[in-house]
1. Are there trypsin sites (Lys or Arg not before Pro) in the range 370-470 that DSSP marks as loop and that have at most 16 other Cβ atoms within 10 Å, and which are they?
2. Can you give the net charge of the other residues whose Cβ lies under 11 Å from the Cβ of Thr138, counting K and R as +1 and D and E as -1?
3. If DNA, RNA and ligands are ignored and the probe is 1.4 Å, what is the ranking of Cys395, Cys408, Cys307 by accessible area, most exposed first?
4. How would you rank 200-208, 110-118, 146-154, 501-509, highest first, on the average number of other Cβ atoms within 10 Å across their residues?
5. Once phi is turned into ³J(HN,Hα) by the Karplus curve 6.51 cos²θ - 1.76 cosθ + 1.60 with θ = phi - 60°, what whole-Hz value does each residue of the range 146-154 show in order, with x for glycine and proline?
6. Report the calculated FRET efficiency for Gln452 and Leu143 (r = Cβ-Cβ distance, R0 = 22 Å), to the nearest 0.05.
7. Enumerate the amide H contacts of Ala432 below 5 Å, restricted to partners 5 or more residues apart or on another chain; note that Pro and chain-start residues carry no placed amide H.
8. What shape does the range 102-242 have by the C-alpha gyration tensor, where a ≥ b ≥ c are the square roots of the eigenvalues, rounded means a/c under 1.5, and otherwise prolate means a/b greater than b/c and oblate the rest?
Amino acid sequence: MADLASLRVPFSGCWRCRYLLQPTGKRRSKAVKRKLQDAGEEPSSKRLTPAPVPDIKPKPGKGATTESSQQKTKKKRNSGKEKEENPKGRSSVKTSSLFKNNPDIPDIERPNVKQLQEEVFSSDSFADLDLHPHLVSTINNVLGMARMTSVQKMTIPALLLGKDTMVRSQTGSGKTLAYGIPVVQSLQGVTPKIQRSDGPYALVLVPTRELALQSFSTIQKLLKPFTWIVPGVLMGGEKRKSEKARLRKGINILISTPGRLLDHIKSTKNIHFRLVRWLVVDEADRILDLGFEKDITAILNALNSQCQERQNVLLSATLNQGVTRLADISLHDPVSVTVADDSPCNEKDAVKPEAATEEPRSFAMPGQLHQHAVVVPSKLKLVTLAAFILGKWKCKRKPKMIVFFASCELVEFHFTLFGRVLIPQTSKEDPALFLRLHGNMKQEERTEVFEQFTQADAGVLLCTDVAARGLDLPQVTWIVQYNAPVSAADYIHRVGRTARLGAQGSSLLVLIPSEAEYIQTLAGHKISVSEMKMEDVLSGLLMEDFLKIKRVENKKAESSGPQAMRERATVLQTKFEDYVHASPDTALWAKKALQSYIRSYATYPKSMKHIFHVRSLHLGHVAKSFGLRDAPHNLSQQLTGSLKKQGKVKQKRSDRQKKPGAKQRFSDLLRSEFASGLSPKAKKKLKNSGNSEEST
Ligand SMILES: Nc1ncnc2c1ncn2[C@@H]1O[C@H](COP(=O)(O)OP(=O)(O)OP(=O)(O)O)[C@@H](O)[C@H]1O
């Protein structure tokens, strides 16, 4: 695949079981349901006349030949696929219906919850604090800030008193300065004056490289009048050698990701923590969770063995009382700063062991954030996302949008697919910035993309959760979650990339019908999401001329309304499918992306499996959202094969004999996917009824 990094692109419980186990005709819930088909149209499963389809020529080449032979075989057994005779009498399109045999979309009622709100700004100015006048003037003149935010007003005095502090306040409320200002204020007053060669006085841990760079930049600005204090950043992906050299020269405020810091602790002689007075753990719930446990324990051991007296600060928008459980952080008589508190705990509870397991029920959400969810059948997911992006790009004010995916592979797939399929169709005069960011990219590229998106007025950033925490990307207008997050906390951090510091922002969560219950889960955390109708998103396609169907002159009137919208969605889907099936390589590439999706789906925590379970997925339908015309039949082998390659399914022979291993489990999982939960008997019945999986 060509590297497209720099492309500029112009431009629910039992219900689920019923859907999987019953033929389409019987999929009729008693609950009030909305149909995809509008009232004027015959029910999809009964429609006999083929729907009008676009005039798209198959791509030439090997893949096209393969595809057409596949299609020939399909024709015999397939009653559900649409085809159309073009004027010359040739069958031109072979796209299965996007709008047939989909599960019903459950009605979503906006949950009646009152979100926790914070007052973002206080009425106090930085000059009201007992800060060095040069620091105040730097805040006022270099950073351009006069008033403190609420979290700053509450946190800075506590930290200036030397207290250990746990800080929770909503995303985009100014927590970086809430710790940055007291650190700088205290270090500028150290006598004798700090020397570069002294090494670290403050250690700031953050979860990602981009956040490390961002926090470094803020601290650097604050240090403008105090040139003798040297800040520095360590992060994976950079040359170790140059970092070692910088460490040797001396860094007084050290900002690092845990992994990289541990790397240096193990391998760099010149790193010591003898003078450390501050330990700041930003996004502490993330850093102190299981993923970083080993690293963080080793770092804290190194710290504890060298410095006894230090002030500890933990911060996050989703800080919970359990964060100190996994790490040996001995907070001494800590102050708990919570700007909007809904938890039953009071300040003292913050350190009580029994309170440590308690998850706050809810977290504050930005007041100007408008949250939406759209429920879309799997088959229509891809076109809906494309329609949403295209629709927003047509608006007068171009969007600055972040789209979250579950894995690096998914980001790469959609980045390339959208780039290749949408670029040639959109205006050259109005090119959109289309970027991607994920953990498998080289650091230079990550930094470049981060800076490019930061500076852009408009653009679409496709990314993983690497961009979910802490990043302060200015003027982001839309957050799209194409794959649901694994926790409410992750949801909050993702949407928190917009509507920062009182600004307006919107978010869209894309769910398939079996995931609709997730909206109630969010409501349990006092997160209120309103429904956006799929049809409204798809109707944006009516503005796209490149999706217009070329009709035979005088033969048929231009369709309008829902019918036209469906036709255009089908044209767009066909374009994606044509690209994916243009060669065996692209088809394999799409299958791998599909594998990645299924793998990521299997990683939802146990507590969420009733909503997100691979068995709820209909592989044939999901395949469509990867531009694949049918469910790949060798996916199981490919998946286990690739896992084996990665060494993830290595087992001793004796173990394999004892119990089914990862390979077997994955294989079972996917076999159930192929069967969509159907026993061979039920499958036969379904086939006889004319609703075989292949026809969906
Ligand atoms: N007192 C202030 N006045 C004006 N702007 C401020 C003030 N304090 C911080 N900001 C700005 O607000 C934005 C958000 O700040 P910051 O990134 O520190 O938020 P955060 O609370 O750490 O967010 P998250 O929880 O997402 O990490 C930044 O652009 C920052 O420069």
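1. Here the trypsin sites (Lys or Arg not before Pro) that fit, given the DSSP loop and packing criteria, are Lys394, Lys396, Arg397, Lys428, Lys442.
2. +2
3. Highest to lowest solvent-accessible surface, that is Cys395, Cys408, Cys307.
4. Numbers: 200-208: 24.8, 110-118: 14.9, 146-154: 21.6, 501-509: 19.7.
Highest-to-lowest ranking by the protection proxy: 200-208, 146-154, 501-509, 110-118.
5. These are the phi-based 3J(HN,Hα) values: 10, 8, 7, 7, 4, 5, 5, 4, 7 Hz.
6. The computed FRET efficiency comes out at 0.45.
7. Answer set, sorted by chain and number: Val9, Phe11.
8. Oblate is the answer for the range 102-242, as a/c is 1.5 or above yet b/c matches or exceeds a/b.
The values are calculated or read from the model by the stated rules, or taken from the named source; none is laboratory data. Remember, it's a predicted structure, so these values are computed and weren't measured experimentally. Cβ atoms come from the backbone with ideal geometry, glycine included; neighbour counts cover every protein chain shown. Surface accessibility is based on the protein's heavy atoms, side chains included, excluding ligands, DNA and RNA. Shrake-Rupley method; radii C 1.70, N 1.55, O 1.52, S 1.80 Å.
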